[in-house]
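Each remark here refers to the structure printed beneath this line.
Since every read-out is calculated from the coordinates, none of them should be taken as a lab result. Bear in mind that the values here come from a model prediction, so they are computed numbers and not experimental data. Ideal geometry is used to build each Cβ from the backbone, glycine not excepted, and the neighbour counts take in all protein chains shown.
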Amino acid sequence: MKYRKLGNTGLMVSEIGLGGEWLERHSAEEVKEIVGRCQQAGINILDCWMSAPEVRSNIGAAIAGSREKWIVQGHIGSTWQNGQYVRTRDIPKAEEAFQDLLRRFRTDYIDLGMIHFVDEVAEFHSIMEGEFLVFVQRLKAEGRIHHIGMSTHNPAVARLAAESGTIEMLLFSVNPAFDMLPASENLDDYFQESFDEKLGGITPERAELYRICEQNGVGITVMKGYAGGRLFSEKASPFKVALTPIQCLHYALTRPAVASVMVGVDSVDHVDAAVAYETAPEEEKDYASVLANAPTHAYYGQCTYCGHCAPCPAEIDIATVNKLYDLALMQEEAPATIKAHYRELHKNGKDCISCKTCESRCPFGVSIAERMKAAEALLGNS
């Protein structure tokens, strides 16, 4: 298992995380088996947004004795009222539900205290300018949470959070289908049956979000990495081609600022299918060829950092150079941190020999040699 920094939190999280939602379907014994398999595979982060008492107790029992090995994303504002889940900003009810989470997880702290499910800009401002944020900050001051996070599907809300200086990390929906959709306050927009066929490539709103998160040290853990399984079906996929779990994971993990993908698992086999990513050969990770040859929504002309361009005879990490170049290009002036990262690379744009062998391998027709020169002009010492 590989581990990544979660923004500026100081936490190192496994690339593959455990999304707990499907565990609601299982007995305590089955949850223990699944969680045990995750731990055995090196997974060290789990998300529990669910408020149902039984699943909380089952997960708590499963991590008992190894709590210190887990980084827990626990949600604040997800409550259980009259036998059902209710999202709330009522502080006494949120406090009661949070205390319930601590009790059932047999712990006195949650690593990542997630302000739960904020999908409207107006609600974001209400939370950040009101008593709910004060409540969350009190939890942090008391040590009951160690970091403040937020979960959202809306890139407009996520951007505001990343720019706030208060939200330290995000749980955000990332997959190649969602990345083509502009910001929306209507969650249904992200699950519609068909997308506008004119859409193509990552929307500026999402590209900008990833850039801001990377720049501000706001780490991203990913939800909906499989788009609810739709991307596995040629019929259901907006691309009209099927992707594999490994391809979906690789897409998410190649976005700037992404640290971990929280995979929903329903069995030990699902765990194994996800962690297979860590040992998969590059050809199995290749989402780019599939998308490039899809009947709809190709990303032609846009670098997706897929790595198809490798190997470079000059030993340039082309995908990283392109990513840094794109991050810098979105700003009026290239940040010093991006320039420093670029210059610290073993080889960068100045070493390009313009052989263009990389371009013959690029599924999206990117003019790589030109971009290497442009990257050096923008980020190099000259």
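Averaged over residues, the count of other Cβ atoms within 10 Å places the peptides 75-83, 209-217, 133-141 in the sequence 209-217, 75-83, 133-141, highest first. Protection proxy ranking, highest mean first, for peptides 256-265, 108-117: 256-265, 108-117, where packing is the per-residue count of other beta-carbon atoms within 10 Å, averaged. Backbone amide hydrogens, once placed in the peptide plane, bring residue 117 within less than 5 Å of 151, excluding anything fewer than 5 places away on its chain. Here is the short version for the chain: 38, 48, 213, 248, 303, 306, 312, 352, 355, 362 have no other Cys C-beta closer than 4.7 Å. In this structure, the amide hydrogen of residue 243, modeled 1.01 Å from its nitrogen in the peptide plane, lies closer than 5 angstrom to those of 232, 233, counting only residues at least 5 positions away or on a different chain.
Residues of region 30-53 falling in the label zone of residue 100, defined by backbone nitrogen less than 11 Å from a point 7 Å along Cα to beta-carbon, are 50-53. With the alpha-carbon atoms of region 88-130 aligned to their principal axes, the span from lowest to highest coordinate is 35, 20, 15 Å, starting with the largest. Once C-alpha pairs closer than 8 Å and six or more residues apart are averaged by separation and normalised to the residue number of region 1-154, the relative contact order reads 19 percent.
What number results when the radius of gyration of the chain, computed over Cα atoms, is divided by 2.2 N^0.38 Å?
1.00
Counting only DSSP beta bridges with both residues in the chain, the antiparallel share comes to about 20 percent. Residue separation of residue 121 and residue 2 scaled by 0.36 nm, minus their Cα-Cα distance, works out to 39.4 nm of gained length.
Extension gain, residue 370-residue 270: 0.36 nm per intervening residue step, less the Cα-Cα distance, totals 31.8 nm. Cross-link partners for residue 285 among the lysines, with Cα-Cα distance under 25 Å and sequence neighbours closer than 8 places in the same chain left out: 2, 5, 224, 235, 240, 323, 347, 356. Modelled spin labels at residue 333 and residue 232, positioned 7 Å past Cα toward Cβ, are 5.0 nm from each other. Within 11 Å, Cβ to Cβ, of residue 57, how many net charges do the neighbouring residues add up to if Lys/Arg are +1 and Asp/Glu are -1? Taking every Cβ under 11 Å from that of residue 57, the sum is +2.
When a/c is below 1.5 the answer is rounded, else prolate if a/b is larger than b/c, else oblate, so apply that to region 282-338 with a ≥ b ≥ c taken from the square roots of the Cα gyration tensor eigenvalues. Oblate.
For the peptides 318-328, 3-13, the ranking by mean Cβ contacts within 10 Å, running from highest to lowest, is 318-328, 3-13. A Förster radius of 45 Å, combined with the Cβ-Cβ distance separating residue 67 from residue 300, puts the computed FRET efficiency at roughly 0.40. Between residue 356 and residue 21, what is the FRET efficiency for a Förster distance of 41 Å, r being their Cβ-Cβ separation, to the nearest 0.05? E(calc), rounded to 0.05, equals 0.35.
Kindly state, to the nearest 0.05, the FRET efficiency for residue 163 paired with residue 343, given R0 = 30 Å and r defined as their beta-carbon distance.
Calculated transfer efficiency: 0.70.
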